[in-house]
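First up is the structure itself, then whatever we jot down about it.
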Amino acid sequence: MNRVDGNPYYLGLVVALSVQFIICVFTLVVWSLSWFKARWNFICSNVSKFLLCVVTNMILSRYRSLKFILKAYFQENKSFVSIRFMKQVENTMYTLKQNVGTYNDMFGWPIFQHNSWRLFCGILSRWVGLLFGS
């Protein structure tokens, strides 16, 4: 084995490649973090929209199941209404009312603002198209 100044001849190459590898890993990490940071708002927005749809569908399915139960009950018992059954329906409707109120408090204004903004953009693009003949 040839030695230069007491070190193996390939030591300089190993150090240079190690430094280059460390720089590449560092660059990859920094770029990945900056990519993720730049898309964080987009990711959060899509996740919140997905969860909004899930919660909306859960409330809607509960209303539909309550409607189905009421229809079935009144088709079977046209003349007799059980007080126990009506208490259950009352409790279920009260719970749904509370859930819808909470849902509107949390998501009402953001949904309204989003829909208003989309309407404004649509009207504006249509207006610009009519004015400038695109």
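Quick note: the coordinates plus some simple rules give every number you see, no bench work behind them. Because the structure is a prediction, the values reported are computed rather than measured. Cβ: placed from backbone, ideal geometry, glycine included. Neighbour counts: every protein chain shown.
See the values below:
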quantity	calculated
Given the chain, longest segment not containing exposed loop chymotrypsin sites (Phe, Trp or Tyr not before Pro) (DSSP; at most 16 other Cβ within 10 Å)	11-79
Full-extension gain in nm, Lys71 to Gln20, via 0.36 nm per residue minus C-alpha separation	11.1 nm
Positive dipole terminus of the chain, leading residue within Ser79, Val100, Thr56 (C-beta point charges)	Ser79
With Cα atoms, 0 to 90° folded angle of helix 11-76 axis to the chain main axis	10 degrees
Computed log₁₀ I(q)/I(0) - Debye formula, equal Cα scatterers, no solvent, the stretch 1-121, q 0.12, 0.18 Å⁻¹	-0.75, -1.05
Mean-position separation - Cα centroids, the stretch 78-117 and the stretch 11-76, in angstrom	29 Å
Residues listed by number, the stretch 36-62, amide nitrogen under 13 Å from Trp117 label point at 7 Å toward C-beta	41-42, 45-46, 49
